[in-house]
Each structure stands twice: as C-alpha cells, then as structure tokens.
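Report on one structure; see the data block that follows.
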Amino acid sequence: MAAKIWAFLNFKGGVGKTTDTVNLAAILAKHPDFRGNRVLVIDQDPQCNATLWFLTRERYHVATSRNKSAYHLYEAQMRGSQVPIQDVITPVYRDPESGGGIDLVGASFDMLEQEEDPSLGGEAAKAATVIQRAIEPVRNAYDYILIDCPPGYSIFTRNALRAAQHVIVPYTADYLALEGIKWIKQLRDRFARGHADPNSVARIGGVIVNRYRAGFRASDAALAELRVVLDELGAQTGEKIHLFRPFIREATAVTAANNEQRALVDCEPTAVRRDFIRVAHDLVQTFRRHV
C-alpha cells in the first residue's frame, strides 16, 4: 500500500513543527504499537532543524558533501534534469527484526539561496512538483512520509502542498498561531486554483495542539477560538478538520530531549511521551482510509 504523506506546516514559527515531525516519525518506526513501519522524513526547511536532530553536524556535512540533501533535488530541476530520491536519502535508523526504520532526505543551508526563486530557473508549475515527482517511485517502499516545512510560503512549502495528501498543523494556543492556520487555508486555496486538478493539493487534515497548559485561562480561550475557526474552515470545504487528541502538554522533558537531539520515544517514559504516542494513534486512525 502506498505511503500516507503528511506535511507539517504553520506559517507561525515556534509552534512545534519539527518537534512533532521528528517525534511522530520516531514513534511510528520504533514504538511497539507501530514497530515495523518504514518512515521517510523530508526536511524542507533551510534551517535544517529536523536534519540536525537526526544527524550529528559531522554526519550532516558528510551527507551534504556527498550531495545527499533536498538541495540537490532542486538543483537538478534548475539544470532541467531529475535526481532519483534514492541518491539523496540518508538512513538514520534500522530495526533488523521488524524491517522498520527511518530514512531522511535532509535539508541544506544552501537551500536558502534557492528559496527566493519561485521557478527554480525554469517552469514554475514544474518547480512546485520536485518533491512529488521524486517520491512517486518510492511511495510503496514506505508506510509514512512526513514533510517538515518552513514557516513561510516558499517554493519548499508549495512542493510540500503538492506532494502531501494532508497538512497537519502544529499549533500553540496563541493568536498569531491561529492566524497562521487561516493563512494556510487561504494560500492553499489560491495555490490549488492554479492547477487543473485542485484536489492534487493537500488539504488541511488536522491540528496538533502543542505546549498545552491545562486550566490556564489564556490557553483555554485560545482553544475555544480554535474550535470556532476549524468549524468555519471545515464548513467552507465540506470536510471536517480534525483536532488531534490528546493535547500535548507543556513539559521540560520535550526541551531536554530537543537539547539532546533525542526523540521522546527513546527517553524514559513521561506523561508528555504518552501524549505523543496517543496522538500518533489518532493520526493513524484518522487517515487510515486515505491512500
């Protein structure tokens, strides 16, 4: 069966896009509830946070020196050619018993110079399908493909919207993050109108609430407003936008794992670790029927 493809996107920075992408990828590949899944992570953010989470700086420099990054997929487009995605994949985890694992198409700081070129030196429509065309030959080789996006509307974001089936929106309970969700809907629809098949552009599938503080008045008010916004956006499309449960609580364990470049599934059991595992279950169940 072809992989489920999710793009993690919010136009507000600092809401947990990379934290969600990395931790959910690790859970889907390593946790006993999901063990055996084959997961591909594609880092589309020139800041390289997901890449440097999976790779040491030494491994990052080795990978980029060997042309193993998303930069080289886009560079090939600028030359009018195409690089097989297998050539830019770096394996980061293998479970020899279950056959599961995590592969990475890392980002590169060099992508910053590509970010401002909407057509990558050629046809704009084709430039927006670099990732879609690259993953098509390997979709059956993975169970899940997770795309970590930058917080802006760039060529990399547009590639994620074309490649993914659904957008997963990481969210923190504040006004600016809520506005980021509205912008995703508007720009997604504008981008879709430029295609013969608007359904080829990923739709907003759901929202993950990060750094939740139970009983905190401002958080509860922001979540109430979030529900109103999701109902309004869902009414416009006729599709329900799922609010994944549970909300992921604010916890020092997340910061500690981030600082150590570790996924929570590799750390001692904590309440926030259980939150992520339960959200992974909700994600899988919600999109089980989507191919």
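Below is a table of values for the structure above.
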{"read-out": "Any chance residue 77 is surrounded by 23 or more Cβ atoms within 10 Å (Cβ to Cβ), more than 19 Å from residue 28 (Cβ to Cβ) and modelled with pLDDT under 95", "value": "yes"}
{"read-out": "Some residue of segment 110-128 being in contact with an Asp or Glu (Cβ under 9 Å, 6 or more places away or on another chain) and in a loop (DSSP other than H, G, I, E, B)", "value": "yes"}
{"read-out": "Complete set of residues in segment 235-291 that are under 13 Å from residue 23 (Cβ atoms), β-branched (Val, Ile, Thr) and touching a residue at least 40 places away in the same chain (Cβ under 8 Å)", "value": "248, 254, 265, 277, 279"}
{"read-out": "Residue list for segment 208-229, restricted to those being in a helix (DSSP H, G or I) and either in contact with an Asp or Glu (Cβ under 7 Å, 6 or more places away or on another chain) or within 16 Å of residue 286 (Cα to Cα) (or both)", "value": "222"}
{"read-out": "The lone exception for residue 203 - which of (1) within 24 Å of residue 78 (Cβ to Cβ); (2) under 16 Å from the mean Cα position of the chain (by Cα) it fails", "value": "(1)"}
{"read-out": "Breaking point among (1) modelled with pLDDT under 95; (2) hydroxyl-bearing (Ser, Thr, Tyr); (3) closer than 23 Å to residue 99 by Cβ, for residue 56", "value": "(3)"}
{"read-out": "Where a residue in segment 61-72 is closer than 16 Å to residue 50 by Cβ and its partner, wherever it lies, is in a helix (DSSP H, G or I) and not hydroxyl-bearing (Ser, Thr, Tyr), with Cβ under 7 Å and at least six apart", "value": "68/88; 69/63; 69/88; 70/88; 70/111; 71/110; 71/111"}
{"read-out": "Candidates 119, 154, filtered to the one that is hydroxyl-bearing (Ser, Thr, Tyr) and over 16 Å from the mean Cα position of the chain (by Cα)", "value": "119"}
{"read-out": "Residues that are outside any helix (DSSP H, G or I) and crowded, with 17+ Cβ neighbours inside 10 Å, drawn from segment 251-291", "value": "251, 263, 270, 287"}
{"read-out": "Test: residue in segment 174-190 that is of a type in the set (Gly, Ala, Ser) and crowded, with 24+ Cβ neighbours inside 10 Å", "value": "yes"}
{"read-out": "Positions within segment 29-57 being over 15 Å from the mean Cα position of the chain (by Cα), surrounded by 17 or more Cβ atoms within 10 Å (Cβ to Cβ) and among the polar types (S, T, N, Q), in sequence order", "value": "37"}
{"read-out": "Cβ pairs under 8 Å, 6+ apart, first in segment 76-97 and touching a residue at least 60 places away in the same chain (Cβ under 8 Å), second part of a helix (DSSP H, G or I) and among the basic types (Lys, Arg)", "value": "93/30; 95/30"}
{"read-out": "Among (1) in contact (Cβ under 8 Å) with a residue 40 or more places away in the chain; (2) closer than 15 Å to residue 276 by Cα - the single one residue 32 does not satisfy", "value": "(1)"}
{"read-out": "Output for segment 1-25, where each listed residue is assigned to a helix (DSSP H, G or I) and touching an Asp or Glu at 6+ places or on another chain (Cβ under 7 Å)", "value": "17, 18, 21"}
{"read-out": "Every residue from segment 231-278 that is within 27 Å of residue 187 (Cβ to Cβ), of a type in the set (A, V, I, L, M) and in contact with a helix residue (DSSP H, G or I) (Cβ under 8 Å, 6 or more places away or on another chain)", "value": "233, 241, 243, 248"}
{"read-out": "Answer from 147, 131, 184, 135 - the residue that is closer than 15 Å to residue 7 by Cβ and at pLDDT below 95", "value": "184"}
{"read-out": "Qualifying position, being among the aliphatic types (A, V, I, L, M) and free of Cβ contacts under 8 Å to residues at least 12 places away in the same chain, among 160, 124", "value": "124"}
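The values are calculated or read from the model by the stated rules, or taken from the named source; none is laboratory data. Source: prediction; values computed, not measured. For neighbour counting, all protein chains shown are included, and Cβ atoms are generated from backbone atoms with ideal geometry for every residue, glycine included.
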